[in-house]
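Asker: Please see the structure below; I have some questions.
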Amino acid sequence: MNLPGNGTRPRLRTAAALALLPLLALTACGSDGGAPAVAGAQVSSVPDDDPVAGVQTVDSIAALLPADVRKAGTLRVGSSVGSPPAAFYPNGQDNPPAGQDIEIADAVARVLGVKLERQDASFETILPALGSGKYDFGTGNFGVTTERLKTIDFVTYINDGQGFAVKTGNTTLTTQVSDLTQLCALTIGTGAGTTFEKTLTAQKGACAAAGKKPYEVKVFSETGAVTTALQQGRIDVVMSTINGLRHQAAQPAAQTAFLGEYHRLDVGFAFKKGSPLTPAVQGAVNELIRNGTYARILKKWGTTASAIDTSQINPAEHT
């Protein structure tokens, strides 16, 4: 859904136990799963509980996998790793990633009785690569949109969406952004290839229609660049994920203020169109909801307000 991830050097990783270490000196920019992190910022430590450890294989759900996948015992996942709470590196890129999306994917794999072969990928490259068969599925807090549903299948696992933030003390905007005309004459920073960029571009004429000066959109692909631009005053406001911006605003060193929700979106694991894997993954997510693992993961990462009641395949975009 959101900002591009940090993975520019592909590396294969297995979904082993997470190294839950304090989060220090984050320099990554938010993936689709979060707000831009702050270079050098001290943020909250990673919770030390492991809700995934006790998840067991459910044979009836594993049986929904194609026979060749069951035989291979692995699923290849293209993973955009950015910032908390969705997916980030708690102790540098040479250590396992952590976060809500990481744990949900790992728990799904346990229900299905397979291992994940995780490959870091930049956010904007994952969806195009699904059609080529490079990955079996992708993670990156991908929002389910009408446009994406034309070429991608989704299995939902959380409800997040679009929000705004400003630098603490900036009085240009002080209330929730509910209409993009509130941003007229301002400079907005966001990530390349995201729903944010598309939303801002599609509605750029709203200011002119209201007789106001248009807003300017600056798109960033480098990690940490959005937050750096905000702190340096080169942009006035950031558009990113609701959960990511909330998490960032809770860290005093980040010096950002959350301006509320703009548009909610279902978020899902992404698959090539017509993938035979979606029923099994949907069944696994619903099993995690049923047995309480899902709720424990969301509680751990502070995203309980974004919980879904049931996983869906290709739901319509929220309007």
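What follows is calculated from the coordinates using simple rules that are stated; it is not laboratory data. Bear in mind the structure is a predicted one, so any value in this text is a computation, not a measurement. Please note: Cβ atoms are built from the backbone with ideal geometry, for glycine as well, and neighbour counts cover all protein chains shown.
Asker: Largest first and in whole Å, what are the equivalent-ellipsoid semi-axes of the stretch 161-264 based on the Cα gyration tensor, each being the root of 5 times an eigenvalue?
Answerer: 20, 14, 13
Asker: Near His263, within a Cβ-to-Cβ distance under 11 Å, what is the net charge of the other residues, with Lys and Arg +1 and Asp and Glu -1?
Answerer: Result for the neighbourhood of His263: -2.
Asker: I would also like to ask the following. Give, as a single signed number, the net charge of other residues whose beta carbon lies under 10 Å from the beta carbon of Leu149, with Lys and Arg counted +1 and Asp and Glu -1.
Answerer: Neighbourhood net charge equals 0.
Asker: What nm distance separates the two modelled labels at Thr171 and Asp48, each placed 7 Å from Cα along Cα→Cβ?
Answerer: 4.5
Asker: Which log10 I(q)/I(0) values, to two decimals, does the stretch 230-319 give at q = 0.11, 0.17 Å⁻¹ under the Debye formula with one point per Cα?
Answerer: Values returned for q = 0.11, 0.17 Å⁻¹ are -0.46, -0.90.
Asker: Same structure, new question: For Ser275, Ser132, what's the fewest-to-most ordering of other Cβ within 10 Å of each Cβ?
Answerer: Lowest count first: Ser132, Ser275.
Asker: If I stretch the segment between Ala295 and Ala307 completely, what's the gain in nm (0.36 nm per residue apart, minus their alpha carbon distance), one decimal?
Answerer: 3.6 nm
Asker: Return the percentage of antiparallel bridges among DSSP beta bridges fully within the chain, rounded to the nearest 5 %.
Answerer: Here the antiparallel bridges make up roughly 60 percent for the chain.
Asker: Count the net charge of all other residues whose Cβ sits under 10 Å from the Cβ of Leu186, scoring Lys and Arg as +1 and Asp and Glu as -1.
Answerer: -1
Asker: Would you work out the Kirkwood radius for the chain? I mean one over the mean of 1/r across all pairs of different Cα atoms, in Å.
Answerer: 19.4
Asker: To check my understanding: the extent here is largest minus smallest coordinate of the Cα atoms along each principal axis. What are those three numbers for the stretch 69-161, in Å, largest first?
Answerer: Principal extents (largest minus smallest coordinate, Cα): 37, 35, 22 Å.
Asker: Another one. For Gly191, what residues show an amide H to amide H distance below 5 Å, using hydrogens built from the backbone and excluding near sequence neighbours?
Answerer: Placed amide hydrogens put Glu197, Phe220 under 5 Å from Gly191.
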